[in-house]
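The values are calculated or read from the model by the stated rules, or taken from the named source; none is laboratory data. Please read all numbers here as calculations on a predicted model, not as lab measurements. Reconstructed Cβ throughout: ideal geometry from the backbone, glycine too, with neighbour counts over all protein chains shown.
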Amino acid sequence: MYIIGLGASVMMPIIFTVIGLCIGMKFGKALRSGLYVGVGFVGLGIVTALLTTNFKDPLDLISSIYDLDLKVFDMGWPAAAAVAYNTAVGVLIIPICLGVNLLMLLTKTTRTVNIDLWNYWHFAFIGAVVYFVFDENLYWGYFASIVCYVITLVIADRTASKFQGYYKDLDGISVPQPFCQSFVPFVICIDWLLEKIPGFSKLDIDAEGLKKKFGVLGEPLVLGVIVGVLIGIVARLDVKKILFLGVTMGAVMELIPRITKLFIEGLMPISEKTKELVNRRFNGKQVFIGMSPALVIGHPTALVCTLLLIPVYLLVAVLLPGNQFLPLASLAGLFYLFPLMLPYTKGNVVRTFIVGLVALTAGLWFVTDMAPDFTSAAAKVYASTGDLNAKVPEGFMAGSMDFSSSLYGYVIYVACKYAKFIGAGVLALLAVGLMVWNRRLIVRDERAAEELIVKGKERA
């Protein structure tokens, strides 16, 4: 708990240095990898602060000018992480989930070794909320966390081939981050529907195509400036502040891809060493290394779609019936929608934008519905720990796009809260069913690989 309280920029270098040593890396190399990850988090935190600090007041002003009645305050992922780790569920979430991961590897129900330890707070968060829903019942809390973890590992396996095929130099990598993954069902269904629309397939626009068609206006840097200026105009700010917002948004969009390289430099040596170790332990059978989607959030299409979605997302939040959530701090998290979308949309800006908008619209309802229990959990955490990240502004409820808008988290939350034991039974059957299905596919693939080896030897 002390280490967790140090924050990601300090915690992650410690954790990854220890991981590096445990898997046989030399101390200097392990420390270097850990520090690169820590520096990446520092850089990302600085860039995120640019966005949240400078845009919070203008967005609050817009809410006031247009008399918007949105009672769920966007506290961002720090509040969700505070709730996640400052509970009995969060204390043991990493060793418990690693134990589940090992069991699934041994039973061939997953190929993914999830070393994205920082994002384990997602599993802890949904477990913590359910934990408080059931009057601090640890069994319910860990049940929710483990179900989410199992689903995440299976889907990480099933999306790995597309992920590796789309992004360069990421062979053997999967993405077991549940927030990012929760948009996969949306992209599969919506992309299928879009294919049924006559002529829609001809709208093949990617980020590079956008640059060619619109010249300098298609560059993320310039689009960021435009979006920032538009927000300033709508907020009725003076020219100086409008221009400042424009340049700030442009800076955010330009700096994030550069910072992403730090994560890659830090995580890839650990990934390669872990892959080597795991492959040796599992007799050369294919194993995926589960990594953070931060590795690819700097993709040009992700940046362009994020920029286009920000103003539209804000407008939808204002107009959507039943929604009480106005995204502020969570806007920086929009980048994490796309890492697993793009392999399915093949980087098409139009398709990616549509899928993202539909998923985010549903997410607004998810956040609003979960807000009372999120608020209750945050209040209890703040009362017991004094963690300011969990302090809810007076007169508001707590909300966050990450992880409250996740399809995985919301379905687990609803099933547990409203259906209790029946819901738990359905979730358990779903988790076991996915494990059995995944095992069949893994065994099939292993047999096919063995047959190829045998045929190769016979030919030789």
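Tabulated data
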{"quantity": "From the options V83, V18, V47, V39, residue that is buried (at least 23 other Cβ atoms within 10 Å of the Cβ), under 25 Å from the mean Cα position of the chain (by Cα) and at negative phi", "calculated": "V83"}
{"quantity": "Residue satisfying condition, being within 22 Å of the chain's Cα centre (by Cα) and at pLDDT below 90, within set A383, A371, A398, A448", "calculated": "A398"}
{"quantity": "Residue list for the stretch 55-65, restricted to those being modelled with pLDDT under 80 and either hydroxyl-bearing (S, T, Y) or part of a loop (DSSP other than H, G, I, E, B) (or both)", "calculated": "S63"}
{"quantity": "Count of residues meeting criterion [in a helix (DSSP H, G or I) and either among the β-branched types (V, I, T) or farther than 28 Å from K380 by Cβ (or both)] in the stretch 90-116", "calculated": "11"}
{"quantity": "Matching option when the condition is touching a Cys at 6+ places or on another chain (Cβ under 7 Å) and either modelled with pLDDT under 95 or under 19 Å from I126 (Cα atoms) (or both), among A424, A419", "calculated": "A424"}
{"quantity": "Candidates T112, T107, T53 - the one that is over 21 Å from the mean Cα position of the chain (by Cα), among the polar types (S, T, N, Q) and within 30 Å of S145 (Cα to Cα)", "calculated": "T107"}
{"quantity": "Close pairs (7 angstrom Cβ cut-off, 6 or more residues apart or separate chains): in contact (Cβ under 8 Å) with a residue 40 or more places away in the chain in the stretch 429-451, part of a helix (DSSP H, G or I) and not hydrophobic (A, V, I, L, M, F, W, C) anywhere", "calculated": "N438/D157"}
{"quantity": "Positions within the stretch 19-32 being modelled with pLDDT of 85 or more and of a type outside the set (G, A, S), in sequence order", "calculated": "L21, M25, K26, F27, K29, L31, R32"}
{"quantity": "Criterion violated by F73 - all others in (1) among the hydrophobic types (A, V, I, L, M, F, W, C); (2) assigned to a helix (DSSP H, G or I); (3) buried (at least 18 other Cβ atoms within 10 Å of the Cβ); (4) at pLDDT below 95 satisfied", "calculated": "(2)"}
{"quantity": "Matching residues, the stretch 379-435, being part of a helix (DSSP H, G or I), closer than 19 Å to G141 by Cα, touching a Gly at 6+ places or on another chain (Cβ under 6 Å) and of a type outside the set (F, W, Y)", "calculated": "D402, A415, C416"}
{"quantity": "Selection from the stretch 117-149 of residues that are surrounded by 22 or more Cβ atoms within 10 Å (Cβ to Cβ) and over 20 Å from K380 (Cβ atoms)", "calculated": "N119, Y120, V147, C148, Y149"}
{"quantity": "Qualifying positions in the stretch 367-407 - surrounded by fewer than 23 Cβ atoms within 10 Å (Cβ to Cβ), under 21 Å from N119 (Cβ atoms) and among the hydrophobic types (A, V, I, L, M, F, W, C)", "calculated": "L407"}
{"quantity": "I289 vs. criteria surrounded by 20 or more Cβ atoms within 10 Å (Cβ to Cβ), more than 30 Å from A251 (Cα to Cα) and over 14 Å from the mean Cα position of the chain (by Cα)", "calculated": "yes"}
{"quantity": "Residues of the stretch 369-411 that turn out to be closer than 30 Å to V154 by Cβ and polar (S, T, N, Q), as a count", "calculated": "4"}
{"quantity": "Near pairs, Cβ below 9 angstrom, 6+ apart or cross-chain, from the stretch 179-192 (farther than 21 Å from Y120 by Cα) to any residue that is in a helix (DSSP H, G or I) and polar (S, T, N, Q)", "calculated": "V187/T345; V187/T352; D191/T345"}
{"quantity": "Where a residue in the stretch 309-331 is closer than 20 Å to C180 by Cα and its partner, wherever it lies, is acidic (D, E), with Cβ under 6 Å and at least six apart", "calculated": "P327/D74; L328/D74; A329/D74; S330/D74"}
